[in-house]
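Trainee: Handing you this structure, nothing more for now.
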Amino acid sequence: MKNTIIFALLVLGVIAFLFLLPRKEVPLIPHDQRHAEVTAEEGCLECHGKGRPEQLKEGHPPKFACFKCHRR
Ligand code: HEC
Ligand code: HEC
């Protein structure tokens, strides 16, 4: 009986994991004035670079080639 419960919880955990995974997708570049004006990747770092107001999170992947991953 106990094993069945543990197994059920495990299955639920895996389902929850698979369900949450796609949310880690690369966020799109917001479709607003601020972002429409920037065409060069250096421009991104004016706001998202180190010490800037919208600094990237610690775990953020590469700090360059923004457009490779982020699309409009
Ligand atoms: C003028 C400052 C500014 C510049 C330049 C800028 N951003 Fe942003 N960016 C922001 C702000 C502020 C936010 C968060 C608020 C919002 O969603 O508008 C944001 C949000 C984002 C998000 C969404 C994050 C999320 O959680 O959905 C992405 C992706 C992003 N920026 C990428 C870029 C890229 C790529 C560039 C270069 C083309 C860039 N930004 C240039 C200010 C800027
Ligand atoms: C290798 C692919 C890749 C590249 C290159 C990349 N990003 Fe991201 N970015 C991501 C992913 C994946 C996330 C979502 C991270 C998360 O949810 O923790 C993200 C999240 C963000 C966010 C949301 C806030 C945050 O820090 O999580 C912003 C803003 C952002 N990126 C801006 C940029 C800018 C500006 C550049 C260029 C300097 C860039 N990204 C380059 C993959 C990339």
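Trainee: If you count only protein heavy atoms with a 1.4 Å probe, what accessible area per residue comes out for the chain, rounded to a whole Å²?
Mentor: 95 Å²
Trainee: With label points built 7 Å along Cα→Cβ from the Cα atoms of Arg52 and Ala36, find their separation and express it in nm.
Mentor: 2.0 nm
Trainee: Tell me the carbon and sulfur percent of the accessible area for the chain, rounded to whole percent, probe radius 1.4 Å. Present the calculation step by step, with values, prior to reporting the outcome.
Mentor: Details: 4560 of 6870 Å².
That fraction is 66 percent.
Trainee: If you don't mind, another one. How far is helix 2-20 tilted, in degrees, relative to the longest principal axis of the Cα atoms in the chain, given as a value from 0 to 90 rounded to the nearest 10?
Mentor: 20 degrees
Trainee: Taking R0 as 35 Å, what FRET efficiency do you get between Val26 and Met1 from their Cβ-Cβ distance, rounded to the nearest 0.05?
Mentor: On the way: r = 44 Å, r/R0 = 1.26.
The formula returns an efficiency of 0.20 here.
Trainee: Counting only other residues whose beta carbon sits under 14 Å from that of Pro53, what net charge do I get with K and R as +1, D and E as -1?
Mentor: Working: positive: Arg34, Lys50, Arg52, Lys57; negative: Glu46, Glu54.
Once positives and negatives cancel, what remains is +2.
Trainee: Quick one: dipole size for region 2-69, taken about the Cα centre, charges +1 on Lys/Arg Cβ and -1 on Asp/Glu Cβ, in debye to the nearest 20.
Mentor: 440 debye
Trainee: Note down the net charge around His35, summing +1 for each Lys or Arg and -1 for each Asp or Glu among other residues with Cβ under 15 Å from its Cβ.
Mentor: Overall, the nearby charge balance is -2.
The values are calculated or read from the model by the stated rules, or taken from the named source; none is laboratory data. Predicted, not measured: the structure shown is a model, and the values here were computed from it. Ideal geometry is used to build each Cβ from the backbone, glycine not excepted, and the neighbour counts take in all protein chains shown. Calculation scope for accessible area: heavy atoms of the full protein, side chains included, ligands and nucleic acids excluded. Shrake-Rupley method; radii C 1.70, N 1.55, O 1.52, S 1.80 Å.
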